[in-house]
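Following: one structure in structure tokens, then a few remarks.
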Amino acid sequence: MDRTRLVNGLVVVLLVIAAAMVLASPTGPLAPWLHPLEYSEATVTIQDENGTTLAAVDVRVADTERERYVGLSQTDRLQAGDGMLFVHPESRSYAYVMRNMSFPLDILFIDADGQITTIHHAPVAEDPSDPNRRYRGQGRYVLEVPYGWTNETGITVGDQVVIPDSVHD
């Protein structure tokens, strides 16, 4: 009898710990209170292979797990010249979705050296609460800007994104 109570007590403790971890995670239901969004801001510039500046973008920097998860989903629209720069801890393959987005985007994947590796033109998902399309790319950074912006500015794969040192830290 004592052993059964001990096992039951241990199970309850483990369940409470697991529930607390889920509730307190950066993407859990308590995240807005425990992990508030505090985007820093920066300006990135994009240059061609000759070092000619093609464009500049004022960005909100998403460098925490919660900020990257929420992204632009709580934004109604982007003004021309605005965007969001997602900063990942390491350079690797990532997949982005249009979760709860109300406007389309250009999604640029950027390697650790600032070179654009992939550009996607991402329309709004047919069902924004269930985005099926994944936009994949390789890099450490992802820049989201208004849809068609890369075409308007002539930005292409291979161009260089100059990211301020303050963002690297």
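Values in this text are rule-based calculations from the coordinates and carry no lab data. Here the structure is a predicted model, which is why all the values come from computation and not from measurement. Here Cβ is always computed from backbone atoms with ideal geometry, including for glycine, and neighbour counts include all displayed protein chains.
Karplus-derived 3J(HN,Hα) values for the range 135-142, using 6.51 cos²θ - 1.76 cosθ + 1.60 with θ = phi - 60°, are 9, 9, x, 10, x, 10, 10, 9 Hz; glycine and proline are entered as x.
Per the Debye formula on identical point scatterers at the alpha carbon atoms of the range 37-168, with no solvent, log10 I(q)/I(0) at q = 0.09, 0.13 Å⁻¹ is -0.22, -0.47.
From most to least packed by mean Cβ count within 10 Å, the peptides 134-141, 51-58, 93-100 give 134-141, 93-100, 51-58.
Taking other residues whose beta carbon is less than 11 angstrom from the beta carbon of residue 91, and scoring Lys, Arg as +1 and Asp, Glu as -1, yields -1.
Positive contributions from Lys and Arg (+1) and negative ones from Asp and Glu (-1), summed over other residues with Cβ under 14 Å from the Cβ of residue 122, come out at +1.
Around the amide H of residue 122, modelled in the peptide plane, lie the amide H atoms of 105, 106, 107, all under 5 Å away and 5 or more residues distant in sequence or on another chain.
The H on the amide N of residue 115, modeled in the peptide plane, is under 5 Å from the matching H of 161, each at least 5 residues off or on a different chain.
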